[in-house]
1. Would you check the accessible area of W83, probe 1.4 Å, heavy atoms only, in square angstrom rounded to 10?
2. Does a label point 7 Å from the Cα of N52, set along Cα-to-beta-carbon, have any residues of the range 65-87 with amide nitrogen under 16 Å, and which are they?
3. So who's got an amide H within less than 5 Å of the one on A76, skipping anything under 5 residues away but keeping other chains? H placed 1.01 Å off N, in plane.
4. What does the extension gain come out to for R61 and Q45, with contour length at 0.36 nm per residue minus their alpha carbon separation?
Amino acid sequence: MRVTAGIVTTGLATLTLLALAPAAAQAAPTTVTSTAVASTAADWQAIAKYPNYRRCADAGRQYVREGFNEWKCTQAGPTGEYWLWLR
């Protein structure tokens, strides 16, 4: 009986993790990785892509609190995602 309960509990935990994995992957921002040459401080740098403007603006305000000068969010295409730009 204990073995059966352990197997059922493990199965339910696995199903829960699998159900939550796509939601977590979708909510995470896509970071930009580039090997660009170091630029001047006045250039805009693309930081991450967010699923909507609200999350992009929230992240931009957080970066300003941490020391960046400006932020802007631009639409990344017809999908409704937004790029966060900092300088």
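1. Ignoring ligands and nucleic acids, W83 comes out at about 60 Å².
2. Those under the cut-off are 75-76, 79-83.
3. Sorted by chain and number, the residues that satisfy this are E81, Y82, W83.
4. In short, 4.2 nm is gained.
The values are calculated or read from the model by the stated rules, or taken from the named source; none is laboratory data. Keep in mind that what you see is a predicted model, and the values were worked out from it rather than measured. Ideal geometry is used to build each Cβ from the backbone, glycine not excepted, and the neighbour counts take in all protein chains shown. SASA here: full protein model, heavy atoms, side chains in, ligands and nucleic acids out. Shrake-Rupley method; radii C 1.70, N 1.55, O 1.52, S 1.80 Å.
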